[in-house]
Amino acid sequence: MRLHLYQFAIVGALAASVGNAREALAQGYGVYEQGSCTMARAGAAVASPCNDGSAIFFNPAALVNAPNRVSIGGTLIAPSGGFTNSLTGHRDDLANKVYPVPHAFVTAQLRPRLVGGIGLFAPYGLTSDWSPDAEGRFLGHHSRIEGLYLQPTLAYQLTPRVSVGAGFDLSLVSVGLKRRVDLAGQLVPGGGGLTFANLGIASGTDFADVNLTGNGTGVGYHIGVLVRATDRLSFGARYLSRQLVKISDGKAEISQVNTGLVVPADLPSPTNPGVVAIPRGTPIDIVLAPEFANGGPLADQSAATYLRFPDQLVLGLAYQVTPRAKLLFDYQYTNWHVFDQLEIDLANLGPVVYYQNNHETHDFRLGGEYALSESTELRLGAYTHNAAAPSSAVIPNLPEGPRTSFTAGLGTRLTNSLHLDLAYQYIDQADRRGRTVDLGPVRPRGTDNN
């Protein structure tokens with residue numbers, strides 16, 4: 001999977017940026033493209049963020065170096081690629097759609113050593129869209145997670161060489177999942193414990209389509225420190241806390257999918273074997289219809305779930321090699337282990353669990369800048385990271401994987417108050433192979449979700 005990402009930005013007294021991205025699903029469901037200047041450096045920024053207000057995300061402590069900025073922009077993400085079932089070898093391709101990811105930053109000098117700001121950005125988000133007849137449709141043919149963070153931030157310069165910063169994060173979260181339900185494993189209504197598979201119905205027979213939606217909020221914090229050890233060498237660190245988002249007002253809309261099949265043999269009554277409960281030749285869709293009616297187990301119903309956003313720790317350094325050249329290196333740890341499963345509790349049907357088995361990931365980012373003139377800079381970068389999910393746990397809902405990326409960009413000052421940044425990113429991520437069925441049994445009701 002070889003992909004391209006473009007982005008440009010104008011930053012100044014009033015700024016705007018527009019991105020046109022083509023990339024696969026990110027590590028886990030993380031998004032790290034929060035500014036064109038930083039993207040051109042492959043995201044290496046914690047020890048020396050760009051002067052466009054994006055320090056609110058990349059290191060709040062560095063706001064003292066970028067007062068009085070307004071930046072508004074976004075990235076357009078166009079996922080592409082495929083998913084292959086490890087057992088069957090069947091491959092499905094993602095739908096060709098484009099999804100916007102916004103960001104906006106405003107900063108202002110409050111006092112001589114104090115800078116305030118507010119940021120709106122999306123560090124976590126995901127959309128995977130497959131055909132409704134894709135092989136993984138019983139886990140989900142459309143999955144969506146949108147996590148928009150609103151972060152008021154303060155930064156203070158303790159000494160001429162040391163600054164600190166912190167912000168409060170309020171996340172506004174929206175989720176959605178569309179999946180089909182397989183008839184083979186379902187109990188026959190009035191069938192005395194028989195499943196439709198016992199009647200010869202093949203696995204992979206669609207009979208219901210479920211559309212789950214919900215919204216919630218979470219809270220967290222973001223802290224950073226920046227140290228200019230010498231005039232050439234800087235160190236930075238930031239920590240973005242994890243969040244627990246509870247969605248209690250979700251809704252499951254369930255519609256019947258016609259099978260066109262009939263009952264292959266007379267089914268006796270489980271309480272009176274001499275009486276035929278369901279005659280041979282009865283359309284199965286008629287047998288199932290009451291299940292979808294009001295009061296039935298497959299009627300529209302409320303749903304609840306919880307979602308964990310992982311914490312991040314980033315450490316980095318920046319070195320001014322010459323008056324014109326700067327090198328940056330970041331190491332990023334993301335605790336994806338907190339997103340090891342997703343449980344959806346349906347009012348009538350009970351809990352459904354998606355097992356992820358995620359583990360921690362490690363990013364290594366190397367970036368550089370070179371001043372071509374007093375007003376123009378050339379930027380280059382590269383990064384690599386491992387996958388959050390082991391091969392045994394990868395599913396079409398989240399087919400992320402290890403990736404390597406190369407970036408390039410150019411920044412130039414147009415006027416005293418406007419700056420133009422251009423960036424290009426080439427991403428290499430192999431298509432994932434994995435499973436299209438669940439890993440294990442549903443956990444019983446009453447299990448603690450916290």
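The values are calculated or read from the model by the stated rules, or taken from the named source; none is laboratory data. Worth saying up front: this structure is predicted, and the values here are computed from it rather than measured. Don't worry about glycine lacking a Cβ; one is built from the backbone with ideal geometry, like all the others, and counts go over all protein chains shown. Accessible surface is based on the protein model in full, side chains and every heavy atom, while ligands, DNA and RNA are left aside. Shrake-Rupley method; radii C 1.70, N 1.55, O 1.52, S 1.80 Å.
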Hypothetical label at Arg324: residues of region 337-370 whose amide nitrogen lies under 11 Å (7 Å Cα-Cβ projection)
370
Can you tell me the FRET efficiency between Ser375 and Leu170 if r is taken as the Cβ-Cβ distance and R0 is 22 Å, rounded to the nearest 0.05?
0.05
Mean projected area (nm²) of the alpha-carbon convex hull when region 182-225 is viewed from all directions:
6.7
Sequence of Tyr306, Tyr426, Tyr124 from largest to smallest accessible area, 1.4 Å probe:
Tyr426, Tyr306, Tyr124
Show log10 I(q)/I(0) for region 306-424 at q = 0.09, 0.17, 0.18 Å⁻¹, two decimals, from a solvent-free Debye sum over equal Cα scatterers.
-0.43, -0.92, -0.97
Neighbours of Ala45 by Cβ distance under 9 Å: Lys/Arg at +1, Asp/Glu at -1, summed charge +1
In what order, largest first, do Ile118, Ile278 sit by accessible area if the probe radius is 1.4 Å?
Ile118, Ile278
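If you take the Cα Rg of region 142-191 and divide it by 2.2 N^0.38 Å, with N the number of residues, what do you get? Mind dumping the intermediate values first?
Working: Rg = 24.3 Å, N = 50, 2.2 N^0.38 = 9.7 Å.
The reported ratio for this selection is 2.49.
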So how much slack lies between Leu315 and Arg232, counting 0.36 nm per residue of separation and subtracting their Cα-Cα distance, in nm?
28.1 nm
Please identify, among Ala289, Ala95, Ala62, the residue showing maximal mean-square fluctuation in a Gaussian network model of the chain using a 10 angstrom Cα cutoff.
Ala289
About its Cα centre, what dipole magnitude does region 75-158 give when the only charges are +1 on Lys and Arg Cβ and -1 on Asp and Glu Cβ, stated in debye to the nearest 20?
540
Give me the lysines in straight-line cross-link reach of Lys246: C-alpha distance below 29 Å, same-chain residues under 8 apart excluded.
Lys97, Lys178
Summed side-chain charge close to Val106 - residues other than Val106 whose Cβ falls under 14 Å, Lys, Arg +1, Asp, Glu -1:
0
Pairs of alpha carbons in region 203-274 whose separation is greater than 21 Å (percent)
69
Rounded to the nearest 10 Å², the 1.4 Å probe accessible area of Lys251 is 100
Among Ser241, Ala423, Thr213 - extreme Cα towards positive end, dipole of the chain, charges at beta-carbon:
Ala423
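From the P(r) of the chain, could you give the percentage of C-alpha pairs in the tail past 29 Å?
52
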Please arrange Glu343, Glu135, Glu374 by accessible surface area, largest first, computed with a 1.4 Å probe and ligands excluded.
Glu374, Glu135, Glu343
In 10 Å bins starting at zero, report the fraction of Cα pairs in region 241-315 per bin as a rounded %.
16, 25, 23, 15, 12, 8, 2, 0
Across 5 Å bins from the origin, how do the percents of Cα pairs in region 153-219 run, short distances first?
4, 13, 12, 9, 8, 7, 7, 7, 6, 5, 5, 4, 5, 4, 3, 1
Express the relative contact order of region 68-203 as a whole percentage, based on alpha carbon pairs under 8 Å and six or more residues apart in sequence.
17
Unit charges on C-beta of K, R, D, E only; dipole of region 298-426, Debye:
540
Max mean-square fluctuation residue, GNM over the chain, Cα-Cα springs under 10 Å, options Ser171, Ser417, Ser54
Ser417
Phi angles of region 101-116, converted by Karplus (6.51 cos²θ - 1.76 cosθ + 1.60, θ = phi - 60°) into ³J(HN,Hα) in whole Hz with x for Gly and Pro, give 10, x, 8, 8, 9, 10, 10, 8, 6, 9, 9, x, 10, 10, 10, x
Full extension from Asp266 to Asn294: what is 0.36 nm times the residue separation minus their Cα-Cα distance, to one decimal in nm?
7.3 nm
Would you tally the net charge around Phe196, using a Cβ to Cβ cut-off of less than 13 Å, leaving Phe196 out, and scoring K and R as +1, D and E as -1?
-4
If you line up the Cα atoms of region 191-332 on their principal axes, what length do they span on each, largest first, in Å?
92, 29, 23
Using all alpha carbons of region 73-209, what is the percent of pairwise distances in each 10 Å bin, ordered from the shortest bin to the longest?
10, 24, 21, 17, 13, 9, 4, 2
One can check that the equivalent ellipsoid of region 104-172, built from the alpha-carbon gyration tensor with semi-axes equal to the square roots of five times its eigenvalues, has lengths in Å, largest first, of 42, 11, 8
Take Ala197 and Asp428, extend 7 Å from each Cα along the Cα→Cβ direction, and tell me the distance between the two endpoints in nm.
4.2
Relative contact order (percent) for the chain, with alpha-carbon contacts under 8 angstrom and 6 or more residues of separation?
18
